[in-house]
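Just below is one structure, and these are the notes that go with it.
The values are calculated or read from the model by the stated rules, or taken from the named source; none is laboratory data. Just so it is clear, the structure is predicted and the values come from calculations on it, not from any experiment. Because the Cβ atoms are built from the backbone with ideal geometry, glycine has one as well, and the counts that use them run over all protein chains shown. Ligands, DNA and RNA are excluded from the accessible area calculation, which covers all protein heavy atoms including side chains. Shrake-Rupley method; radii C 1.70, N 1.55, O 1.52, S 1.80 Å.
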Amino acid sequence: MTFKRSQFIRFWGNEASSRAHSSGFTFVEVMAAAALMAIVSLAIVAMFRGGIGAWEQGSSFVEAQRDLELAADRFARQIQQAQGPITVPNPQTVDIDRTATDNTHIYLELKVKDGSLSLVCRTVQAGTTIKEEVWVSKLSAGAFEMVTKDTDTTVKTVKITLTRQAATQPVTVETVASRRL
């Protein structure tokens, strides 16, 4: 059975109302469009959050690398400027005799300060600490090692290894500094 247009209009209503219904969207179409927009929006938000997370991890890694390299450079400078003996009494301490004349020593120490392992530079003159500064903090590990052979007394070489946790991976900097005596 087929209907002609005039029969359809008579059955459902007048011609003007049928034209008004055909020019809009149905409820199903509106819901489908809203669902599609929600899926696209969620995908964009997920990509944005992933990008921010990657940026934070990268900046954390770069910051840790920079801090450790700066501390290692300062360490090397102190070793190179030493006038007197350099000793490593234990893996957490380096004793640098800064000047042989006024009894000034620089102690580079790995110690817990403010709840985290830190590299601390302590200046001691005549047995009294005159200055103490934290070069780098939030370390997860660190050590000093005298790498000079006992037979060579003219060169003192000290190795420093510093590790800091950055986001998901550790950053390690290792520097060897020498001083010819």
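Points to keep in mind about this one:
- Extension gain from Met47 to Arg77, taking 0.36 nm per residue of separation minus the Cα-Cα distance: 6.3 nm
- Radius 12 Å from Cβ of Lys113, net charge of other residues (Lys, Arg +1; Asp, Glu -1): -1
- Distance between the modelled labels on Gln165 and Arg66, one decimal in nanometres: 2.3 nm (7 Å Cα→Cβ projection).
- Computed about the Cα centre, the dipole magnitude for region 62-181 is approximately 80 debye when only Lys and Arg (+1) and Asp and Glu (-1) carry charge, each at its Cβ.
- Surface share of carbon and sulfur [accessible, 1.4 angstrom probe, percent] for region 104-151: 48 percent
- Per residue accessible area of region 34-80, 1.4 Å probe, in Å²: 71 Å²
- Across the alpha-carbon atoms of region 70-147, the computed radius of gyration and Dmax are 12.1, 37 angstrom.
- Packing order of peptides 106-115, 46-55, 62-71, highest average first: 62-71, 106-115, 46-55 (average count of other Cβ atoms within 10 Å over each peptide's residues).
- Orientation-averaged projection of region 30-181 equals 11.9 nm² [convex hull of Cα atoms, one quarter of hull surface area].
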